[in-house]
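Read the structure below first, then the notes.
The values are calculated or read from the model by the stated rules, or taken from the named source; none is laboratory data. The model shown is predicted, which means the values in this text are computed figures rather than measured ones. In this analysis, Cβ positions are derived from the backbone assuming ideal geometry, glycine residues included, and neighbour counts consider all displayed protein chains. The accessibility values were calculated without ligands, DNA or RNA, using every heavy atom of the protein model including side chains. Shrake-Rupley method; radii C 1.70, N 1.55, O 1.52, S 1.80 Å.
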Amino acid sequence: MLGNKKDDRLLKDIKNSFTVEFWSNPESIHQIDEQSQNELAINKDYDRPWQINYSEAGICFAVGLYGITVYEKIADNLYTVLEYETSFQDLFHVAVVYSDKRPYLFVNGDYIKKGERSKYDYVYPSGIICGAPEHFPNGGIEELRIWDYNRTVAQIAAYMNRKLEEGEEGLYGVWSTHTIGETAARENSWPQRKEERPNQNQKNSKNIEVSIIIPSYNKYPLNLFTLYSLENQTFDASKMEVIFIDDASTDQTDKKLKDYNPPYHFTYIHSKKNLGRAKVRNLGIKSSKGKILIFLDAEMITLPDFVENHYQFHQSNKNVILSGAMYSKYVFSCIFPEFDSKKLNKIAEITENNQKFNNRFQSYNQSASTPYPLIDKSDIINNTIGDLTVKSSSWFRTITRNFDEDLAGFQFPWMAFLTGNVSLRKELIEQAGLFDEQFVKYGYEDWELGFRLYKMGAKYIVSSDLMTYHQEHPVGESKWKEAVGNFNLFTSKHHDVEVLILGLELADFADLLTMNKILIEYKHLVENYSDRFKLFQKKFIAILETIALLLQVDIRHFNVLGATGFGSIKRKRLQADIENIKELNKYNHLAGFLDKVMNS
């Protein structure tokens, strides 16, 4: 049996005009194919293909987090006759009405769209709701109903929440709750998906101007402190929403936040499966209502003017990305069991002159197995957490101290696309194509999107007016390997020198500022001496490619030229290139890097 179905027979006593309806709560994403009766959506050898002739078609459906697809199935082939791409996270009602062989889609009683009229003589319903891999996701459905006629919008809306009595006119059959795909073992465990908390602003949800997207994975109670800080904004709460996506956390996040009811619009999405850093943010984007999107990490505590400053900036700037992550300050809001003596000593030092925080620190039980809060909501509202701050990132300070807010002269402005604290217009990110969902683990999914936006002509501004407090927490040892893997994925997608050269800093060939100067000099060399150094350009790119590949093996780069495939003759030619570059007296940083490579 494939997927979730009554059975895989065609119901041939109903044809061309009928209604299929059910409640759905998707748990994963399915492939949404382009609507077409000519291009195959899928062709697979199922365990029991429908044995029908080619003048007949049966219908089946796929419902996932990102939309609904209606297929016509002819033997082993599926054709997409209706597709609707949107974001679904809640339990919702689906009705597909066939009228004279054309499908019409209704969601929660509202008409959505019509599909392609079937080109076959007869179209039949079937018991199949989900079936083929990639096209049909896991999740749940409730109460499948099939009617032997095309029901009206009024009938759908009136009956979808009503318990049906026996003998309903035109009702072919009703089947109770099912569980889709591989989740059959959890048949009685309904997956919570999306819950929008009602509050005094809920009826004005159409007025939302700003959507704040916060993905979270095992960040409790840091994520709660972040949400508290967003309660204390100068911006009108009725015009902002927070979309909080719990990416299959195993901590107390779901237990503690499921009843959270702030003054702003709050949507809680709980994914039963870990979607990864790119996919989870795309889910937030597709769920958003605001014209301005703010990406915020779950461990960022904001100041009262945070949303206001983001919003006001974009009122007069249409093609600009505003970033505040580089001005983050680090704060110890909690003590984690994983903290070593060095961190504990640091906390003791910074709380020494604050009696309230010091008392809390002294009460910490080092045998505790869960995070121990040093702050509470009042500390956030009263902005007293500044006494728990430590130095910010030296890497960020290198950028903000050497370049102006527009990052003029910085060759990597797209590095400011840091999803810990960054905003842009929704239309801009939609034009870029959202986050690349091949980036699943840690690192570079934000820079990859930032680079695409940069190539589209977007400008970057970094602003100290958007300062946030980054709450310190343990970082897993696997992050480096994950980041290196994603860096190579980044370079494979963008084989640009601006991306490849990032390996110099990762491999300790150069610090950030030196790497910036090397790229400036290389671009100047290419622009002014392109013909003279045409072969050198190929050698330079080959060296950068090799450094990126070697990072997956060892950060210590020995014999880079050997790994690049340079024999003695190529080495001599490269050495001659270096000498010619030095003679120009303009490219000291580029020549210095090449000397390091020669001697590695």
Considering residues of the stretch 82-109 that are in contact with a helix residue (DSSP H, G or I) (Cβ under 8 Å, 6 or more places away or on another chain) and within 20 Å of S288 (Cα to Cα) only, the residue modelled with the highest pLDDT: T86
Looking at the stretch 456-475, I want the residues that are polar (S, T, N, Q) and have a partner that is open to solvent by 40 Å² or more (accessible area, probe 1.4 Å) with Cβ atoms under 7 Å, at least 6 apart or on another chain. Which pairs are those? S463/E405; S464/Y327
Whether any residue in the stretch 274-286 is more than 20 Å from D436 (Cα to Cα) and among the charged types (D, E, K, R) is what I want to check. no
Determine whether V526 is β-branched (V, I, T), without any contact (Cβ under 8 Å) to a residue 12 or more places away in the chain and under 15 Å from G503 (Cα atoms). no
State whether one or more residues within the stretch 181-197 are assigned to a strand (DSSP E or B), open to solvent by 40 Å² or more (accessible area, probe 1.4 Å) and modelled with pLDDT of 85 or more. no
Looking at D13, D76, D8, which is the one that is surrounded by fewer than 21 Cβ atoms within 10 Å (Cβ to Cβ) and either modelled with pLDDT under 55 or within 23 Å of K286 (Cβ to Cβ) (or both)? D8
Consider F558 carefully, then state whether it is touching a residue at least 24 places away in the same chain (Cβ under 8 Å), among the aromatic types (F, W, Y) and open to solvent by 20 Å² or more (accessible area, probe 1.4 Å). yes
The conditions are (1) modelled with pLDDT of 95 or more; (2) over 24 Å from N402 (Cα atoms); (3) within 15 Å of the chain's Cα centre (by Cα); (4) open to solvent by less than 30 Å² (accessible area, probe 1.4 Å), and E448 fails exactly one of them. Which is it? (2)
Confirm whether L283 is in contact with a Leu (Cβ under 7 Å, 6 or more places away or on another chain), surrounded by 22 or more Cβ atoms within 10 Å (Cβ to Cβ) and not in a helix (DSSP H, G or I). no
Tell me which of these L428 doesn't satisfy, since it passes every other one: (1) under 20 Å from the mean Cα position of the chain (by Cα); (2) surrounded by fewer than 20 Cβ atoms within 10 Å (Cβ to Cβ); (3) assigned to a loop (DSSP other than H, G, I, E, B); (4) not aromatic (F, W, Y). (3)
Residue tally, condition assigned to a loop (DSSP other than H, G, I, E, B) and open to solvent by 50 Å² or more (accessible area, probe 1.4 Å), over the stretch 231-279: 11
